[in-house]
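What follows is one structure encoded as structure tokens, with my remarks underneath.
The values are calculated or read from the model by the stated rules, or taken from the named source; none is laboratory data. Worth saying up front: this structure is predicted, and the values here are computed from it rather than measured. Heads up, the Cβs are rebuilt from the backbone with ideal geometry, glycines too, and the neighbour counts pull from every protein chain shown. Surface areas here come from the heavy atoms of the whole protein model, side chains and all, with no ligands, DNA or RNA. Shrake-Rupley method; radii C 1.70, N 1.55, O 1.52, S 1.80 Å.
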Amino acid sequence: LTIDLQQEWKGLQNRLVDLIRSENKSDLGDEVMELDPRVYTDTSRFAAERSRIFGEEPLLVALSGELSTPGDRVLFDEAGPPVLVVRGEDGRLRAFLNMCTHRGARLVSSCDPARRLLCPFHGWTFDLEGRVVSIPLAQAFEGVDRAGRALVRIPVAERHGMVFVRPRPVEPAASGMPAESGAPGEEEIDLIEFLGPIGPLLEALELGSLRRIQADRLEVRANWKLALDMGRENYHVPAVHKSTLSPNLYPHVTAFDVYGPHSRFSGASRDFANLLGKPESEWPAMSYQAVHYLFPNTTLSFTHAVDGRTPVVTMSRVFPGEAIGQAVTLIATYRRGAADDAADAQVRAMHEAVVQIVGSEDYGVARKVWQSLEHGAPALPFVLGRNELLVQRYHRELATRIGMPLP
Ligand code: FES
Ligand SMILES: [Fe+2]
């Protein structure tokens, strides 16, 4: 089952043209839903989200292009223990606790590629498979089982150009076999099952061929779900992004698609004026653009820039912070094509504009909502419209997966 992205875009364009002309303007879900604001303030829910969702669900940590060569590594510190993902000499990815097995020092702090991992505390050295390769003053550790001192493995898997981890250590096998010999890792996360029906669409995006241009980390004083809500609907765009995003979009015109717990939406840019009233055969060339959501916390916004044909992806991941009223967002922007200073600079400028808009406009609202909620949830529940279908869906999905029905 393969998807042709141009065909996919034609289908979306037709739906968006119909929506522009329609009275509804937006695809609509079946029903309005009330949402009790305690989902944002209940500390037992927060604890369950951190352990059940961010400890057990696959989390996107990188696109494959960031880990293309043996020795390339990605550090991931936002969900549970610090994690290190490395491409091995054999081309396979492995993920480890980023912690030395001698006395717990943070093993790797730099993303510069290298064939050996050197601990900054006492200088133990590990290879890319996580094995101890040298110990200074080795005679002092005589009798210590080196294989048993291999780095602690974390489940990792790669598919459609995306790399996922589950930031909880692999349980040592019952047989007491050292972690390296059983090669847990890749088999521990079933990405075909996890991605389900959105897999072929993500495959068509060819995410593995993208290069990372720039990345930022935003902290927000709000529950993480208030931050994530902002990216799950277009309804707020005319008001919140009045002078930034809104002038280039038909207000409220949005096509939604759901793929199990994952989803996609696409709005109509003002360029769609060139399509109205014309047969499809006369439509000017335009390229696919949409926002893809991977449960629980990731959006991949796919568009084209530079010459209007270069695929550019902004990946945004929202994480719960240490406290219920803190969230962290990682935003990174990628593009296809060889390095080129002028083009990279354009994409960097796009990235900075997005960070500015999300940080001040979107999270400006989220912070104010949180300021009200932390003084006690109002008696009146919130209400999610039929156009806020994707907000409805992910709150339901979260509630199901943490085993705590919506209040
Ligand atoms: S903690 Fe790493 S060498 Fe001692
Ligand atoms: Fe927004």
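If you take all C-alpha pairs in the range 39-145, what percent of them are over 21 Å apart? Tail of P(r) above 21 Å: 45 percent of Cα pairs. Computed about the Cα centre, the dipole magnitude for the range 251-358 is approximately 160 debye when only Lys and Arg (+1) and Asp and Glu (-1) carry charge, each at its Cβ.
A simple spin-label model places pseudo-atoms 7 Å from Cα toward Cβ; at Ser246 and Leu1 they are separated by 3.9 nm. Under 11 Å from a label point set 7 Å out along the Cα-to-Cβ vector of Ala349, the amide N atoms of the range 285-307 belong to 306.
For the chain, the list of Cys residues with no other Cys C-beta under 4.7 Å reads Cys111.
Using the alpha-carbon positions of the chain, Rg (one decimal) and Dmax (whole number) come out as 22.9, 82 Å. Expressed as a whole percent, the accessible area of the chain that falls on carbon and sulfur atoms is 51 (1.4 Å probe).
Please work out how much length the chain gains when fully extended from Ser372 to Glu23, using 0.36 nm per residue of separation minus the C-alpha to C-alpha distance, in nm with one decimal. Display every interim value, and only then the final one.
On the way: separation 349, 0.36 × 349 = 125.64 nm, distance 3.46 nm.
Going from the current span to full extension adds 122.2 nm.
Helix-only arithmetic for the chain: the sum of -39500 (n - 2.57) across DSSP H runs with n ≥ 4, divided by the residue total, places the mean residue ellipticity at 222 nm at -6000 deg cm²/dmol.
Annotation: amide H-H contacts under 5 Å for Leu210 (H modelled 1.01 Å from N, sequence separation of 5 or more, or interchain): Gly65.
Label-to-label distance, Ala140 versus Ala323, with points set 7 angstrom from Cα along the beta-carbon direction: 4.1 nm. Taken per residue, the accessible surface of the range 26-94 reaches 36 Å², heavy atoms only and a 1.4 Å probe. Net charge of the neighbourhood of Arg211, taken over other residues with C-beta under 11 Å away and scored Lys/Arg +1, Asp/Glu -1, is 0.
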